[in-house]
Amino acid sequence: MRILPSVTRTLTFLTLAGVLLFTSLPAGAQRRVPRRDTDSNPASRNINHPQIARIVRDINARNIEASIRKLVSFGTRNTLSSQTDPNRGIGAARDWLFAEFSKAASLSGGRMTVEKQTFEQAKAARIPAPIMITNVVATLRGTAPESIGRTYVVSGHYDSMCSSPTDATCDAPGANDDASGTAAVLEMARAMAPHKFDATIVFMAVAGEEQGLLGATYFAEQAKQKGMDIEGMFTNDIIGNTLGGNGVRDTRSVRVFSEGVPSNEKPEEGAVRRGVGGENDSTARQLARFIKETGERHVRGMRVTMVYRRDRYLRGGDHIPFLERGFPAIRFTEPNEDYTH
């Protein structure tokens, strides 16, 4: 298996960094929004924000590749695999990620904390027996008093699978699905930990995705019960490839999936939406538009392709449990998938 520090992978991370930075500006920063009635040149509508530029520069493709290779080295990261073997299985990956996020936290001046969010999952369709599942969660606390509780979540899933999601012993390297997304989250945590932000940012590696979005569902449900103010959730899933199975090579694009009709819409809300024609105005879709505007502004040559669907055909990702609980959420995915991966 050959893993390259691809341009697409790096640009995906930079887009997310730009989105998070602009929605959760560094503490004390002032927004400098251009006047669009007088400035019609998109190339000149760059916000002169040195902290954003610095963090974008600090995203390191070599670090990302090294993280992917390390996750692959655990052989399998199936959620049902060993949780005690120090070298192979989901437990080894979990402990390595915890250690790496803790290293990032050491750069934060005490503002970032790291925890293992562990819960017992009952027997289910892809869970033959009750099992403990662990999310690795790094929380970078916001600093603005008026923004207490305002939170943004960025995630990737660190579990992997072979053809069968219940085969806990076969090799399942999962470089593309989804070591790529997990490495993105880890690198953003490293780059952003030294900086202060108005809002709180959660960097999260979840497990149980291949068994039915279990880790993300647990976090989202806990967030709902606690009344967390999650204003944006971004999941990175299958983001590392530049050459698709269709033979198309694209090193400058990323797809952003966003739903139109809200997953948690009530009947009376649906009636209002139909009455005003609001099928294209969901919070998720507005978030996607903002991602495109912000990503292309801060990363020259970046193209954000908005896909007006919740996810790919008959597929799903860790943003869905957040959507189902009323939180704005989107999915980042590479432009042309190669299913042989």
Two pseudo-spin positions, 7 Å from Cα along C-beta at C170 and at R57, lie apart in nanometres by 4.7
The ³J(HN,Hα) series, computed from each phi in segment 75-92 with the Karplus coefficients 6.51, -1.76 and 1.60 at θ = phi - 60°, rounded to the nearest Hz and given as x for glycine or proline, is x, 9, 10, 4, 4, 8, 7, 4, 9, 10, 5, x, 10, 9, x, 5, x, 5
Which residues qualify? For R150, with a placed amide H closer than 5 Å and at least 5 residues away or on another chain, they are T200
Computed ³J(HN,Hα) along segment 302-308: with the Karplus parameters 6.51/-1.76/1.60, θ = phi - 60°, integer Hz and x for glycine or proline, the list is 7, 10, 9, 9, 7, 10, 7
Within segment 191-222, the residues whose backbone N lies under 20 Å from a label point placed 7 Å from the Cα of D229 along the Cα-to-Cβ direction are 196-203, 220-222
Amide H proximity to S81 below 5 Å, modelled H, separation 5+ or other chain, gives I90
The distance between the Cα centres of segment 170-197 and segment 52-84, in whole Å, is 5
Each label sits 7 Å from Cα toward the beta-carbon; between N87 and M132 the label points are separated, in nm, by 2.3
Applied in sequence order to segment 248-256, the curve 6.51 cos²θ - 1.76 cosθ + 1.60 (Karplus, θ = phi - 60°) yields integer Hz couplings, x standing for Gly and Pro, of 8, 9, 9, 9, 10, 10, 9, 8, 10
Rounded to the nearest 500, the 222 nm mean residue ellipticity computed for the chain from DSSP H runs (n ≥ 4, each -39500 (n - 2.57)) alone is -10000 deg cm²/dmol
Taking the square root of 5λ for each eigenvalue of the C-alpha gyration tensor of the chain, the equivalent ellipsoid has semi-axes, largest first and in whole angstrom, of 30, 23, 21
Distance in nm between R312 and E221 label points, each 7 Å along Cα→Cβ, equals 2.7
The set of residues whose placed amide H lies less than 5 Å from the amide H of T143, leaving out same-chain residues fewer than 5 positions away, is F197, D198, A199
Here the equivalent ellipsoid of segment 68-127, derived from its Cα gyration tensor, has semi-axes (largest first, whole Å) of 25, 16, 8
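Where a number appears in this text, it was derived from the coordinates with a stated rule and is not lab data. Just so it is clear, the model here is predicted, and its values are computed rather than measured. Here the Cβ is made from the backbone with ideal geometry for all residues, glycine too, and neighbour counts use every protein chain on show.
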